[in-house]
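The values are calculated or read from the model by the stated rules, or taken from the named source; none is laboratory data. Note that this is a predicted model, so its numbers are computed, not measured. Backbone-built Cβ (ideal geometry, glycine too); neighbour counts: all protein chains shown. These accessible areas exclude ligands, DNA and RNA; they are computed on the full protein's heavy atoms, side chains included. Shrake-Rupley method; radii C 1.70, N 1.55, O 1.52, S 1.80 Å.
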Amino acid sequence: MSVNVVKFTKLRTTIDPTFWAKFAELKVDKLRLDDKSQIKLWGRYSFDVPEIEKNNPLVLDYMSFNENVESNSINNSIICYGYMVNTNTYEAFRKINPQDFIDSIGKCIINDIMSGAALAEPWKLAVFLIFSYADLKTYRFHYWVAHPTPLSLPEMYFEKIQKSINDNFMVDQFDKLYEGFQQLDYKQKSFFSVFVFDEENIKVDTLNEGIKYINAQESTVGTDCEVYFAFYNPCKRLLEPGWQLRNLLCLLFWHCSTFCFTKSIQILSLNRDDFKTAVVYTLKCKEYAEQEIVKKSIFDSHLVGWEHNENGKMGPQIVDLSEILDPNKLAEKAINLNLKLMKWRLVPDLDLEKISNLKCLLLGAGTLGCSVARVLIGWGISNITFVDKSIVSHSNTVRQSLFIHEDAVKRKFKVDAAKDALLRIRPTMNVHGIKLQIPMPGHVVGQSMLNTTKEAVKELKDAIAGNDVVFLLLDSREARWLPTLLCAAMNKITINAALGFDSYMVQRHGVRNLTDIPVSNVTSQNPDGKNLGCYFCNDITQPGNSQTDRTLDQQCTVSRPGLSQIAAGLAVELMIAITQHSQGLEAKALAAGIKNNVNSNIKDNTLEGLLGGVPHTIRGSLWGYESYLTITHRFSSCTACSIPLISEYQKRGFEFILDACNIPNYLEKLCGLEELLKRPDLDELCSSIDASSEEE
């Protein structure tokens with residue numbers, strides 16, 4: 001009789017790449033560092049499987065994470081559910097004891113059988129479990145799937161030879177079987193009952209109804225119908241029914257034990273919804289003297305059910321999707337990983353969407369421009385426009401981080417070479433390059449240059465208007481004048497960075513509003529954005545041509561090589577801090593005297609933003625490895641951002657800019673600086689300003 005012992009075929013699972021792609025997205029955006037939660041999943045066995053397939057696998061894909069199973073494609077499928085636990089590290093994954101895991105997480109199947117929950121919802125008998133580790137840097141996924149079932153199942157035998165459904169049912173009954181099956185709820189289709197009263201009367205009903213009938217017949221002589229316990233069998237081995245049958249038998253032994261220990265059990269094995277290929281098994285339990293002890297041992301035993309890996313051994317699977325997933329999408333997820341980790345762990349309110357949507361204009365694509373661009377993409381910013389007119393030279397490639405030797409050999413424009421470099425780093429970026437010469441005071445615009453200069457002004461104006469942030473990273477002081485004026489007129493976030501040999505300066509410009517009456521209060525310790533100066537607010541002369549009569553070392557910015565990285569990092573971080581401050585551009589300036597006390601009174605301290613204080617000017621030196629926070633107050637007679645200049649520009653447009661370039665001292669007269677310098681009390685005024693600065 002041992003040759004007729006019932007053996008069971010283990011199940012297998014096919015995980016579509018979309019499952020892991022969706023999980024990677026959920027891990028980064030929702031689950032984060034949570035490694036305790038049991039993630040609920042949906043899986044399905046499809047009826048549309050070619051006949052040549054030996055086993056029909058459990059399929060998991062992107063829809064497995066849907067909150068409601070109704071949102072999945074449940075037609076023509078057997079639906080089941082499961083749980084997944086994902087570890088944060090590979091070490092934690094390796095330390096999981098498979099037996100402890102399946103016993104603890106899979107205990108739900110024991111509880112559902114004993115409580116009767118599996119009678120009401122038989123799909124609970126087909127639960128599956130997964131523990132995994134997702135390496136989101138390399139897109140390698142380690143996982144192991146289990147289909148838990150009690151180890152100690154009473155020994156079962158085939159009482160009769162397995163038969164085709166055609167031997168027990170009439171062909172005319174197939175339509176009734178199909179119709180009855182289709183009317184079952186999706187939670188009932190995995191396991192159900194079939195009542196055969198006679199050749200014409202047949203009924204498909206729930207598993208619970210079948211067990212009720214069997215129990216009711218224990219005290220009755222004879223029966224008026226045959227009862228088949230049916231289950232969906234994804235395995236096509238005729239002599240070895242699928243793993244699900246184990247759990248069905250466990251449930252039957254618990255809820256109708258006398259019947260199972262003493263009677264023949266008729267099982268209908270279904271692998272297609274039309275029943276034409278179904279198989280009938282007649283099973284009989286081995287005789288046991290202590291039936292209650294055997295029954296109890298079923299549910300006191302360990303659980304088993306781990307799948308074999310692709311090598312046919314007991315162990316986890318590894319899937320490498322680094323080449324399957326779209327490289328650009330893969331890059332996008334990987335690029336933003338560090339930022340999202342920052343948000344999870346340290347700054348939950350960090351508005352990454354606001355940062356990533358920023359459009360940044362970099363005026364200058366040299367040493368500072370390259371360095372600033374690299375820091376910007378580190379913050380996930382993908383909209384960058386370069387403005388420059390220079391060509392990459394061989395002296396640039398070692399200092400300007402976006403350029404290589406071939407760029408100099410091919411004499412590429414810096415804006416084109418910088419664009420290409422960023423696209424090699426992040427192919428999905430939106431990068432533009434504009435080649436133009438910015439008009440500058442003191443650089444006379446002749447008749448022959450009139451049209452090109454007018455076009456340059458329009459192009460610069462449009463570029464500034466079309467961006468949210470403007471970085472002034474130009475070589476000369478006068479080149480920063482027109483962008484400063486335009487940014488003030490448009491109230492753009494303006495960040496200025498400049499280098500000396502071993503010193504640097506990073507500054508945010510204040511905001512300007514033509515309706516505000518400028519009030520110069522140099523005694524204010526922490527002026528807000530409306531009272532902060534620009535790059536030119538410390539000047540008492542208008543910018544002029546600084547390039548004439550200059551030697552080579554005076555024409556070029558000669559700086560210690562590490563300086564640009566420091567200044568670029570501070571410039572971008574200052575900009576980010578502004579965007580994450582509740583007052584934005586109007587945030588009060590953090591001053592050196594109170595920077596150590598920013599956190600002293602968080603509720604009332606308007607100096608503190610989400611990322612800390614927002615200074616006005618940061619000055620530093622590598623000579624003493626020091627940095628200072630300084631403040632330049634708004635100057636009502638500034639030659640770049642004062643109200644008279646902005647008003648004149650808005651009235652006259654290009655003609656005003658042309659006069660600023662061609663007429664000496666034009667800006668000084670217009671802004672009132674010339675009259676200020678003629679005041680008889682000028683010395684006393686300067687002394688009072690110095691005194692107030694010392695008090696600060």
Quiz prompt | Hits in segment 164-177 (condition: in a helix (DSSP H, G or I) and open to solvent by less than 50 Å² (accessible area, probe 1.4 Å)) | solution = Ile165, Gln173, Phe174, Leu177
Quiz item: Which ones in segment 359-377 are touching a helix residue (DSSP H, G or I) at 6+ places or on another chain (Cβ under 7 Å) and either in a strand (DSSP E or B) or open to solvent by 20 Å² or more (accessible area, probe 1.4 Å) (or both)?
Solution: Cys360, Leu361, Leu362, Leu363, Thr367, Val375
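Residues checked against (1) within 21 Å of the chain's Cα centre (by Cα); (2) open to solvent by 60 Å² or more (accessible area, probe 1.4 Å); (3) of a type in the set (Gly, Ala, Ser):
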position	(1), (2), (3)
Lys313	no, yes, no
Leu321	yes, no, no
Asn336	yes, no, no
Trp344	yes, no, no
Asp351	yes, yes, no
Exercise. Would you be able to tell me the number of residues in segment 135-158 that are touching a His at 6+ places or on another chain (Cβ under 9 Å) and surrounded by fewer than 21 Cβ atoms within 10 Å (Cβ to Cβ)?
Key: 3
Exercise. Sort through Glu674, Glu696 and tell me the only one that's over 24 Å from Val572 (Cβ atoms), at pLDDT below 90, surrounded by 12 or more Cβ atoms within 10 Å (Cβ to Cβ) and touching a Gly at 6+ places or on another chain (Cβ under 9 Å).
Key: Glu696
Exercise. Looking at (1) within 16 Å of Gly369 (Cα to Cα); (2) in contact with a Leu (Cβ under 7 Å, 6 or more places away or on another chain), find the lone condition where Ala456 falls short.
Key: (1)
Practice problem: From (1) at pLDDT 95 or above; (2) surrounded by fewer than 18 Cβ atoms within 10 Å (Cβ to Cβ), pick out the condition that doesn't hold for Val431. | Solution: (2)
Quiz item: With respect to the numbered conditions (1) at pLDDT 95 or above; (2) farther than 18 Å from Arg652 by Cα, which one is the sole condition not fulfilled by Trp481?
Solution: (2)
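For (1) touching a Phe, Trp or Tyr at 6+ places or on another chain (Cβ under 7 Å); (2) within 30 Å of Ile202 (Cβ to Cβ); (3) modelled with pLDDT of 90 or more; (4) in a loop (DSSP other than H, G, I, E, B), each residue gets a yes or a no:
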position	(1), (2), (3), (4)
Phe275	yes, yes, no, yes
Leu283	yes, yes, yes, no
Tyr288	yes, no, yes, yes
Glu292	no, no, yes, no
Gly312	no, no, no, yes
Ile324	no, no, no, yes
Leu330	yes, no, no, no
Lys343	no, no, no, no
Exercise. Give the residues of segment 528-569 that are part of a helix (DSSP H, G or I), surrounded by fewer than 22 Cβ atoms within 10 Å (Cβ to Cβ) and modelled with pLDDT of 85 or more, sorted by residue number.
Key: Lys530, Gln565, Ile566, Gly569
Quiz item: Where residues in segment 411-428 are among the hydrophobic types (A, V, I, L, M, F, W, C) and either at positive phi or surrounded by fewer than 18 Cβ atoms within 10 Å (Cβ to Cβ) (or both), which of them is modelled with the lowest pLDDT?
Solution: Ile425
Quiz item: Lys203: assigned to a strand (DSSP E or B) and open to solvent by 50 Å² or more (accessible area, probe 1.4 Å), yes or no?
Solution: yes
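Here is a yes/no grid of residues against (1) assigned to a helix (DSSP H, G or I); (2) within 21 Å of Asp475 (Cα to Cα); (3) touching a residue at least 40 places away in the same chain (Cβ under 8 Å); (4) of a type in the set (Lys, Arg):
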| residue | (1), (2), (3), (4) |
| --- | --- |
| Thr385 | no, yes, yes, no |
| Asp407 | yes, yes, no, no |
| Lys419 | yes, yes, no, yes |
| Arg424 | yes, no, no, yes |
| Ser448 | yes, no, no, no |
Quiz item: Of all residues in segment 502-520, how many are at pLDDT below 90, open to solvent by 20 Å² or more (accessible area, probe 1.4 Å) and either charged (D, E, K, R) or not in a loop (DSSP other than H, G, I, E, B) (or both)?
Solution: 1
Practice problem: Would you please list the contacts, defined by Cβ atoms under 6 Å and residues six or more apart or on different chains, that run from a residue in segment 45-73 that is in a helix (DSSP H, G or I) to a residue that is modelled with pLDDT of 80 or more and not hydrophobic (A, V, I, L, M, F, W, C)? | Solution: Tyr62/Thr18; Tyr62/Lys22; Phe65/Lys22
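Conditions (1) closer than 26 Å to Leu58 by Cβ; (2) acidic (Asp, Glu); (3) buried (at least 20 other Cβ atoms within 10 Å of the Cβ), marked per residue:
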| site | (1), (2), (3) |
| --- | --- |
| Glu179 | no, yes, no |
| Gln188 | yes, no, yes |
| Val194 | yes, no, yes |
| Tyr213 | no, no, no |
| Glu218 | no, yes, no |
| Cys225 | no, no, no |
| Phe231 | yes, no, yes |
| Leu245 | yes, no, yes |
| Trp254 | yes, no, yes |
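Per-residue answers, yes or no, for (1) within 22 Å of Phe299 (Cα to Cα); (2) touching an Asp or Glu at 6+ places or on another chain (Cβ under 9 Å); (3) part of a strand (DSSP E or B); (4) basic (Lys, Arg):
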| residue | (1), (2), (3), (4) |
| --- | --- |
| Ile109 | yes, no, no, no |
| Met114 | yes, no, no, no |
| Ala118 | yes, yes, no, no |
| Tyr143 | no, no, yes, no |
| His147 | yes, yes, yes, no |
| Leu153 | yes, no, no, no |
| Lys189 | no, yes, no, yes |
Quiz item: Within segment 74-105, how many residues are over 31 Å from the mean Cα position of the chain (by Cα) and assigned to a loop (DSSP other than H, G, I, E, B)?
Solution: 2
Quiz item: Quick one: what pairs do we get from segment 620-633, first residue in contact (Cβ under 8 Å) with a residue 24 or more places away in the chain, second of a type in the set (Lys, Arg), C-beta under 7 Å, 6+ apart or different chains?
Solution: Leu622/Arg560; Tyr628/Arg619; Leu629/Lys595; Thr630/Arg619
Quiz item: How do the pairs read when you match residues in segment 457-477 that are touching a residue at least 12 places away in the same chain (Cβ under 8 Å) with residues anywhere that are open to solvent by less than 30 Å² (accessible area, probe 1.4 Å) and of a type in the set (Lys, Arg), using Cβ under 7 Å and keeping only pairs 6 or more apart or on different chains?
Solution: Leu472/Arg480; Leu474/Arg480
Quiz prompt | Which listed residue, of Asn467, Asn496, Asn451, is in contact with a Ser or Thr (Cβ under 7 Å, 6 or more places away or on another chain) and over 22 Å from Ser647 (Cβ atoms) | solution = Asn467
Exercise. Filter segment 440-469 for residues that are of a type in the set (Gly, Ala, Ser) and surrounded by 12 or more Cβ atoms within 10 Å (Cβ to Cβ) and give the result.
Key: Gly442, Ala456, Ala463, Ala465, Gly466
